[in-house]
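Below is one structure, written out as structure tokens; comments come after it.
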Amino acid sequence: MVPRFTLRGPREGLRQFLDEKVVLYNRAAFISHDPVSIPHRFSRPADIEIAGFFAAIFAWGQRVTVINKTNELLALMEHAPYDFLLHHTEKDLKRFLSFRHRTFNATDALYTISFLAHHFRRHGSLEVAFPVAPADEHVEEALVNFQKYFFSLPHAPGRTRKHIPTPERKSACKRLNMFLRWMVRSDRQGVDFGLWKSISPAQLICPCDVHVERVARKLRLITRKGTGWQTALELTRNLKLLDARDPVKYDFALFGLGIVEKLQAR
């Protein structure tokens, strides 16, 4: 049975409870069962970013399926995504015509490849596609600008827009926020990569999916009705009351409580 907490009074009980869950779920054993296992198979930073980006945008539905479908796509890139983006031919792209993951189809795959190739032929990292100033409270503007940049190529298909969300459309941007967590956070446990230094962990927004949201409501970390960007902001603001420097570490706790311990919101 989970104790009842409040953010209006002393927070130590809630902080202690969630810190214990972070220790429990933020560990190397977590990696193999999660989509973050995909980028962990690579050592080159660009490969980590590209594999991580696909794993993140595929991350809805069962985790086993997400991992399998990301592996399937990377196999089409001969498990060398950075080299494939830089050196593929038109003939090489034909192998993606039968690829599908839920509503993500060949059109989406081919455009995403086109965008990533366009970017990596000009830049060594995706970090520059998410510019965040030190004075920015959080990554909202970076997510808005990334979505616009992603669809800036002249042949951008309208149908792919549902796979790259933006706060401007009130999306919680769970998958992109998860990708940023992977790239930005760094600690001794080594689940997240800490490759990017221009964004502070304090500027991240907690990935807010159905499991995290359910647990956060149970713990009174979310009070507003509905879902979306404002809900993700509310959750993150409340997590900052527990750890202002690294609020998104509690994603491990909330996700673990929701998926593994199946804490119910009632």
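None of the figures in this text is laboratory data; all of them are computed from the coordinates on show. On a predicted model such as this, the values are computed, not experimentally measured, just so you know. Because the Cβ atoms are built from the backbone with ideal geometry, glycine has one as well, and the counts that use them run over all protein chains shown.
Quick notes
- Each of 98, 200 was scored by other Cβ atoms within 10 Å of its Cβ. Listed from fewest to most, they are 98, 200.
- Listed by Cβ neighbour count within 10 Å, with the fewest neighbours leading, 114, 152 appear as 152, 114.
- Within-9-Å neighbourhood charge of residue 76 [Cβ basis; K, R +1; D, E -1]: -2
- Options 179, 133, 103, ranked by Cα towards positive dipole end of the chain, top entry (Cβ charges): 103
- Cα-based equivalent ellipsoid, segment 46-99: semi-axes from gyration tensor eigenvalues, Å: 20, 13, 8
- Rounded to the nearest 10 degrees, the angle from helix 174-184 to the longest Cα principal axis of the chain is 90 degrees.
- A Cβ-based charge dipole, computed about the Cα centre of segment 34-198 with Lys and Arg at +1 and Asp and Glu at -1, lands at about 520 debye.
- Ranking 79, 42, 29 by how far each Cα lies toward the positive end of the dipole of the chain (charges on Cβ) leaves 29 at the top.
- Between helix 106-120 and the chain there is an angle of about 90 degrees, using the helix long axis and the longest principal axis of the Cα atoms.
- Point-to-point label distance, residue 11-residue 241, nm (Cα→Cβ direction, 7 Å offset): 0.7 nm
- Considered as an equivalent ellipsoid built on the Cα gyration tensor, segment 86-127 has semi-axes of 21, 14, 6 Å, the largest given first.
- Cα-based radius of gyration of the chain once divided by 2.2 N^0.38 Å, which approximates compact folds: 1.00
- Label-to-label distance, nm, for residues given as residue 197 and residue 24 (7 Å Cα→Cβ offset): 3.6 nm
- Taking the longest Cα principal axis of the chain as reference, the axis of helix 45-57 is set at about 70 degrees.
- Loop-located GluC sites (Glu not before Pro) in segment 34-99, at most 14 other Cβ atoms within 10 Å (DSSP): 78
- Sum of side-chain charges, residue 180 neighbourhood, beta-carbon under 14 Å (Lys, Arg +1; Asp, Glu -1): -2
- For residue 224, neighbours were defined as the other residues whose beta-carbon sits under 12 Å from its Cβ, and their charges (Lys and Arg +1, Asp and Glu -1) total +2.
- For the pair residue 95 and residue 145, a Förster radius of 25 Å applied to the C-beta separation gives a FRET efficiency near 0.20, rounded to the nearest 0.05.
- Under the simplified labelling scheme, the residue 135-residue 86 pair shows an inter-label distance of 3.7 nm, with each label point 7 Å from Cα along Cα→Cβ.
- The trypsin sites (Lys or Arg not before Pro) of segment 185-217 that DSSP puts in a loop, and whose beta carbon has at most 15 other beta carbons within 10 Å, are 188, 197.
- Segment 34-198 - percent relative contact order, Cα under 8 Å, separation 6 or more: 20 percent
- Counting all C-alpha pairs of segment 100-232, share separated by more than 25 Å (%): 31 percent
- Most fluctuating residue given options 64, 22, 139, as computed from a GNM of the chain linking Cα atoms under 10 Å: 64
- Summing Cβ point charges (Lys, Arg +1; Asp, Glu -1) relative to the Cα centre of segment 114-263 gives a dipole of roughly 480 debye.
- Mean-square fluctuations from a GNM of the chain, with a 10 angstrom spring cutoff on Cα atoms, peak among 122, 245, 161 at 122.
- Full-stretch length increase - residue 78, residue 118 - with 0.36 nm per residue and alpha-carbon distance subtracted: 12.5 nm
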